[in-house]
Ligand SMILES: Cc1cc2nc3c(=O)[nH]c(=O)nc-3n(C[C@H](O)[C@H](O)[C@H](O)COP(=O)(O)OP(=O)(O)OC[C@H]3O[C@@H](n4cnc5c(N)ncnc54)[C@H](O)[C@@H]3O)c2cc1C
Ligand code: SF4
């Protein structure tokens, strides 16, 4: 009996490096398939990241004495068949893919050997435990799940079972608008890397691909090995963690990353594990507690909430949700995606322009840019949830099906009718004006709802509330805003509706 191991591109986990090499070694295969690339126009930097990280990982395994086959191919099945035959493999082992479509694809490969799916080590909560937790509840709330996780993994807990800092949540301290006059408002430069020879070769390959791609590739600086990913984590812990919280939601022109950690691409590829990130952050908090420069709890709790809370929760929801989740459309939004999503230079809405331009340059924006600018716009403008989900999946360096569906279909678009979010994340220009400096350089007026200078976020927002009033009245957390809508005159509501319609006529006329 010969066991073979197939390592997928987003499973570059350390566990593989622990496999014994030498005479009793299993053959290992990694496949760089174009089938994957042809499924959507991926960001060029995403392709470079995944393929370069795979090539580096394969090279590390080879250096450790493993028998590694690395193949560039059109599809997955043909190279697998050749390799299985050549090595007389009777059992193929692969870590369970996180994405359901890929699980389905593996199940249908029709290979001449048994396939064993191994447990996936990229999350703290085993799937079955999440399902048990979710099935035991009337309503799924992040806050409940997060507290459960804090207790279960004993993170930031006092021996008496109470949370460190005497509260579970410090979000209120973490919503400061950007204030350049604040002496602490001095974001450190992010750590980027120069592409080495392996990455350069992949860059050349991606530049000459014969299929549509997205984004720019003139400056690629992402980490492509575990050791580089660990340097990013170290830099975050030593230069960013103690100011991570307060400006977590701020958006500033020319400051692409602020104090964010930039580790999602590495967590999602398996180069870092959530457990080690949480452990490092928590240890740093304790180590500095009695020093001259302690870290305030809101920074540490804020980061841990993202990983132990949101990341685990989103993945759990993905597993818990039904097969039709990707097709849900609670508001029945049908407008196509405006073409400027693929070309930032085509929009004169400055907030959209800034976030889209950054996405083209990096494949990255932080959470609030994703949620409250890009997703918010798609939601209030009535764009199809599936169209915006497809765009996010193409455009982002850290996008995978497991993280896309709950974040875009659920949180961003509320297309699941509130399975995971307690209210739609819909906002007018007021929010963007408060949390960013974008409006200052915009041709539209964030305070105006109708007329030539009106900000489209305003008429789309009020039109969204008006169009969906009936559905929204059942949503406790938003119903009080409907009272403001009631105070508007009928002619103004009509004008708002016409502005929204007119915008779509102009922007979709070329499609
Ligand atoms: C519409 C939308 C789309 C998103 N798409 C993705 C995506 O494709 N891939 C992705 O990893 N995250 C996604 N997120 C979540 C979040 O925006 C990114 O994880 C984060 O911006 C990554 O940057 P960072 O590493 O600097 O994060 P930080 O702000 O430093 O946060 C630390 C970590 O927390 C985790 N995290 C926080 N929130 C979430 C969340 N909602 N879901 C999953 N992980 C979370 C990430 O691993 C992140 O690295 C999306 C959120 C929204 C609202
Ligand atoms: S005025 Fe409106 S469109 Fe312009 S940046 Fe502000 S929110 Fe965006």
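For the reader, a short list of remarks on this structure follows.
- For the range 397-474 versus the range 344-368, the gap between their alpha-carbon centres in whole angstrom: 16 Å
- Prolate/oblate/rounded call for the range 381-440, Cα gyration tensor, a/c under 1.5 rounded: oblate
- Anisotropy class of the range 23-78 from Cα gyration tensor, a/c 1.5 cut: oblate
- If you wrap the range 3-118 in the convex hull of its Cα atoms and look at it from every side, the mean projected area works out to 7.0 nm².
- Looking at the chain, the DSSP beta bridges with both ends there are about 10 percent antiparallel.
- The range 119-161, Cα convex hull volume normalised per residue, Å³: 90 Å³
- Helix 385-395 vs. the chain, principal-axis angle (Cα, 0 to 90°, nearest 10): 50 degrees
- Taking only the C-alpha atoms of the range 327-434, Rg followed by Dmax gives 12.8, 36 Å.
- Based on C-alpha pairs under 8 angstrom that are at least 6 apart in sequence, the range 325-508 has a relative contact order of 21 percent.
- Residue 361-residue 141 pseudo-label distance in nm [points 7 Å out on the Cα-to-Cβ vector]: 4.1 nm
- Value of relative contact order over the range 401-511, rounded to a whole percent, pairs C-alpha under 8 Å and six or more apart: 18 percent
- Cα Rg, Dmax (largest Cα-Cα span) when computed across the range 165-230, Å: 19.5, 57
- Folded to 0 to 90 degrees: helix 77-86 orientation relative to the chain principal axis, Cα: 20 degrees
- Alpha-carbon Debye profile of the range 308-367, log10 I(q)/I(0) at 0.13, 0.23, 0.24 Å⁻¹: -0.60, -0.93, -0.93
- Shape category assigned to the range 325-508 from the gyration tensor of Cα positions, a/c cut at 1.5: oblate
- Dimensionless Rg/Rh of the range 409-466 - Kirkwood Rh, Rg from C-alpha atoms: 1.06
- Relative contact order (%) - the chain, alpha-carbon pairs under 8 angstrom, separation at least six: 16 percent
- Secondary-structure-derived ellipticity at 222 nm for the chain, considering helices only, amounts to -12000 deg cm²/dmol, per-run term -39500 (n - 2.57) for DSSP H runs with n ≥ 4.
- Segment residue 172-residue 279, length gained on full extension (0.36 nm per residue, minus Cα span): 36.1 nm
- By the Stokes-Einstein formula, at 1.567 mPa s and 4 °C, the range 127-320 with its Kirkwood radius over alpha-carbon pairs has D equal to 69 µm²/s.
- In the calculated pair-distance distribution of the range 228-374, the portion above 23 angstrom amounts to 49 percent of the Cα-Cα pairs.
- Square roots of five times the Cα gyration tensor eigenvalues for the chain, Å: 39, 28, 23
- The range 206-275 and the range 108-138 have Cα centres separated by 27 Å.
- Most tightly packed first, judged by the mean number of other beta-carbon atoms within 10 Å of their residues, the peptides 270-281, 115-126, 454-465, 485-496 read 454-465, 270-281, 115-126, 485-496.
- Between 0 and 90°, nearest 10: helix 226-235 axis offset from the chain longest Cα axis: 40 degrees
Read the figures in this text as sums done on the coordinates, not as results from a lab. Keep in mind the model is a prediction, meaning the values are calculated, not measured. For neighbour counting, all protein chains shown are included, and Cβ atoms are generated from backbone atoms with ideal geometry for every residue, glycine included.
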